[in-house]
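Each remark here refers to the structure printed beneath this line.
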Amino acid sequence: MTEQNPPAKLGTRLSRAVRDEITSLILARGLRSGDPLPTETELVETLGVSRNSIREALKALQALDIVEIRHGYGTYVGRLSLDPLADGLTFRALHDAGQDLRSMEEILEVREALEAALIRRVAASMPEDDLTALDEVTKRMAAHASADETFAEADREFHELLYRSLNNALVTQLLRAFWDVFHRVNDRLGVTDPNPMQTVRRHRAIVTALRKHDVARAEQAMVEHFRNLDARVSQIRSS
């Protein structure tokens, strides 16, 4: 790859090409999360571009969590998380909140479709250990609600426990991303759960259906739970 003070459009294509070359290098060498990348000097020599182009490409890849720059130590393969997705969706929802709430509604629609499909997969055969863990989480939710306290982290834990038996890291990351977006927007706009005890009851209904291995009822309980989330969107709309 060669480089000669390119104009803006060509510079953009070159920057993208350098990023692609670095990601291709990671894949070709089989580097995993936490593994060190070649040094900046080695990348300059390997790719045949300027040090500045390498630095710009690495910064862009860091924003995507593909690499992690540890100043004074080097550059490593990043966590490859979906945090950049959550950040982008959060900004989009907040940006649109002043005009309409369609972005927020779309996020909930996608999350509901995902969880309704996933609950069907686990309902008939959820392990007893997971059911016991869900019972414990709902008890903590109820205790917080009775004390007029929020229980956002318990809610996150509940939804991740639901699908633990699938052993699918991407499912966990996607759910966490959508959960983060919803709660970040709520916090930014000052929106709270209008009926915490009802939220607890709807979580309990999901666990009850799962204990009976009733697939249809578990899916319906999940749909009803999302109607509770719709109420928060309505709260934003009326504020």
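Can you find a residue that is of a type in the set (S, T, Y) and either under 27 Å from L101 (Cα atoms) or touching an Asp or Glu at 6+ places or on another chain (Cβ under 8 Å) (or both) anywhere in region 187-201? Yes: one or more hits. Among the conditions (1) closer than 30 Å to S15 by Cβ; (2) surrounded by 19 or more Cβ atoms within 10 Å (Cβ to Cβ); (3) not assigned by TED's automatic domain parsing to the domain that holds L25, R92 misses just one, which is (2).
Each residue in region 155-198 was checked for being hydroxyl-bearing (S, T, Y) and in a helix (DSSP H, G or I), and 2 pass.
A93 fulfils the conditions (1) at pLDDT 90 or above; (2) within 20 Å of the chain's Cα centre (by Cα); (3) small (G, A, S) except for a single criterion, (1).
Look at region 90-126 and say how many of its residues are closer than 29 Å to N167 by Cβ, among the aliphatic types (A, V, I, L, M) and not in a helix (DSSP H, G or I). Please lay out each step first, then the result.
Within region 90-126, the subset closer than 29 Å to N167 by Cβ is 90, 106-126.
Going one step further and asking which of them are among the aliphatic types (A, V, I, L, M), we end up with 107-108, 110, 113-114, 116-119, 122-124, 126.
Of the ones still in play, those that are also not in a helix (DSSP H, G or I) are 124, 126.
Residues that pass the stated criteria total 2.
Take the conditions touching a helix residue (DSSP H, G or I) at 6+ places or on another chain (Cβ under 7 Å), farther than 21 Å from E109 by Cα and buried (at least 18 other Cβ atoms within 10 Å of the Cβ) and apply them to L210. Does it pass? Yes; evaluated as a whole, the condition is true for this residue.
Tell me whether region 162-170 contains one or more residues that are surrounded by 18 or more Cβ atoms within 10 Å (Cβ to Cβ), modelled with pLDDT of 95 or more and either in contact with a Gly (Cβ under 8 Å, 6 or more places away or on another chain) or not polar (S, T, N, Q) (or both). Checked region 162-170: at least one residue is surrounded by 18 or more Cβ atoms within 10 Å (Cβ to Cβ), modelled with pLDDT of 95 or more and either in contact with a Gly (Cβ under 8 Å, 6 or more places away or on another chain) or not polar (S, T, N, Q) (or both). Scanning region 132-153 for residues that are touching a Ser or Thr at 6+ places or on another chain (Cβ under 8 Å) and assigned to a helix (DSSP H, G or I) yields M141, H144, A145.
Are there any pairs, at least 6 apart or on different chains, whose C-beta atoms fall under 6 Å, with the first in region 134-157 and in contact (Cβ under 8 Å) with a residue 12 or more places away in the chain and the second assigned to a helix (DSSP H, G or I) and of a type in the set (G, A, S), and if so, which? These pairs meet every condition: V137/A154; R140/A154; M141/A154.
If you go through region 27-54 and pick out every residue that is among the basic types (K, R) and at pLDDT below 95, you end up with 1. Looking at E68, E153, E112, E106 in this structure, which one is closer than 26 Å to Q198 by Cβ, within 24 Å of the chain's Cα centre (by Cα), of a type in the set (D, E) and surrounded by 17 or more Cβ atoms within 10 Å (Cβ to Cβ)? After applying the criteria, what remains is E112.
Taking the stated definitions as given, is D129 charged (D, E, K, R), over 17 Å from T208 (Cβ atoms), in a helix (DSSP H, G or I) and at pLDDT 90 or above? If you could, list the steps in order and put the result at the bottom.
Numbers: charged (D, E, K, R): yes; over 17 Å from T208 (Cβ atoms): yes; in a helix (DSSP H, G or I): yes; at pLDDT 90 or above: yes.
In short, yes.
Which pairs have Cβ atoms under 8 Å, sit 6 or more apart or on different chains, and link a residue in region 54-66 that is assigned to a helix (DSSP H, G or I) to one that is polar (S, T, N, Q) and modelled with pLDDT under 95? Final answer for the pair search is E56/S15; A57/S15; A60/S15. The residue that is surrounded by the most Cβ atoms within 10 Å (Cβ to Cβ), among those in region 32-48 that are part of a loop (DSSP other than H, G, I, E, B) and of a type outside the set (A, V, I, L, M, F, W, C), is P38. Cβ-Cβ distances below 8 Å connect the following pairs, each with a first residue in region 13-29 that is in the same structural domain as R55 (by TED's automatic domain parsing) and buried (at least 20 other Cβ atoms within 10 Å of the Cβ), a second residue that is acidic (D, E) and in a helix (DSSP H, G or I), and a separation of six or more residues or different chains: V18/E56.
The values are calculated or read from the model by the stated rules, or taken from the named source; none is laboratory data. What you see is a predicted model; the values in this text were computed from it and never measured. Every residue, glycine as well, gets a Cβ built from its backbone with ideal geometry; the counts of neighbours run over all protein chains shown.
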